Number of protein chains: 2
Amino acid sequence: MNSYLPPGFRFNPTDQELINCYLTKKVTASLPSDWKIIADIDLYKFNPWDLPGKAFFGEGEWFFFSPQKRKYPNGVWPNRAAGLGYWKATGTHKPILSTDGSNCIGVKKALVFYKGRPLKGIKTEWVMHEYRLLD
Amino acid sequence: MNSYLPPGFRFNPTDQELINCYLTKKVTASLPSDWKIIADIDLYKFNPWDLPGKAFFGEGEWFFFSPQKRKYPNGVWPNRAAGLGYWKATGTHKPILSTDGSNCIGVKKALVFYKGRPLKGIKTEWVMHEYRLLD
């Protein structure tokens, strides 16, 4: 599924580009529909090692749009179960500032994949960075 | 002259890609002629600050093919005079190994731009990395 790029070209977006040029446009449905750049998947249906093959671009790092699941229909608690394990947040939310530093345009959070059931899971080396818009 | 890329894409080639996919193909005339990726210029005609505008791609780093000038017609000594100054080699030649590390496919050399005349030039912050094939 990986798309063709001439040698030396890489998809290596900054946090600001991900927020302004991709996530905001995705949410407002203004992303050109013929841009096969960031794949749209239900990330929590898969194990992390199945994800690289679903990305359009990436070497060691892959990008996806994914809906967030809720643990309870009306709650805000996210459901992080995925494949044979679950994603667990690590560290704090990191604000993403606009390029001129004047305002916060999004939030970035790191998560680690654990194999198995919560509390007894075994930590893996798979890390996800979740980007969210502020509102 | 900069070419269009969707946001987040960058031309960020490895040393191996520069040697195998660009320089070797340039020398053997097997680079697709419609690839406007690395501009062909006479680098020694310009000051370094004039170069970014002549590149097809690049942010902070720009790539060019350029013939090497000789100081004397039949000598091997390179002529590094350029624009209002000259390029001066710094450090050693760094061998570029093939991806599997088994053989040397090229050499990389760092040069710094000095404004003015040799021996009295004033060092600038402009750095060039020169890639050469082995033979």
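The values are calculated or read from the model by the stated rules, or taken from the named source; none is laboratory data. A quick note: this is a predicted structure, and the numbers were derived from the prediction, not measured. Don't worry about glycine lacking a Cβ; one is built from the backbone with ideal geometry, like all the others, and counts go over all protein chains shown.
Restricting segment A:31-43 to residues that are facing chain B (nearest Cβ under 10 Å) and β-branched (Val, Ile, Thr), the residue that is surrounded by the most Cβ atoms within 10 Å (Cβ to Cβ) is A:ILE38. Look at segment A:90-114: where a residue is touching a residue at least 24 places away in the same chain (Cβ under 8 Å) and a partner is β-branched (Val, Ile, Thr) and exposed (fewer than 13 other Cβ atoms within 10 Å of the Cβ), sitting 6+ places away or on another chain with Cβ atoms under 6 Å, you get A:VAL112/A:THR90. Checked against the criterion of being farther than 21 Å from B:CYS21 by Cα and of a type in the set (S, T, N, Q), segment B:96-108 contains not a single residue that satisfies it. On inspection, B:PRO78 qualifies as free of Cβ contacts under 8 Å to residues at least 24 places away in the same chain, within 19 Å of B:ARG132 (Cβ to Cβ) and over 13 Å from the mean Cα position of the chain (by Cα). Can we say A:TYR72 is surrounded by fewer than 16 Cβ atoms within 10 Å (Cβ to Cβ), more than 14 Å from chain B (Cβ to nearest Cβ) and of a type in the set (Phe, Trp, Tyr)? So A:TYR72 passes the test.
Return the residues of segment A:115-127 that are more than 15 Å from the chain's Cα centre (by Cα) and free of Cβ contacts under 8 Å to residues at least 40 places away in the same chain; say none if nothing qualifies. Correct list: A:LYS115, A:GLY116, A:ARG117, A:PRO118, A:LEU119, A:LYS120, A:GLY121, A:ILE122, A:LYS123, A:GLU125.
Residues that are at pLDDT below 95 and closer than 22 Å to B:LYS26 by Cα within segment B:62-78 comprise B:SER66, B:PRO67, B:GLN68, B:LYS69, B:ARG70, B:VAL76, B:PRO78, listed in sequence order.
For every residue, the table says whether it meets (1) more than 11 Å from every other protein chain (Cβ to nearest Cβ); (2) of a type in the set (A, V, I, L, M, F, W, C).
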site	(1), (2)
B:TYR4	yes, no
B:ARG10	no, no
B:GLN16	no, no
B:LEU23	yes, yes
B:ALA29	yes, yes
B:LYS45	yes, no
B:ASP50	yes, no
B:PHE64	yes, yes
B:PRO67	yes, no
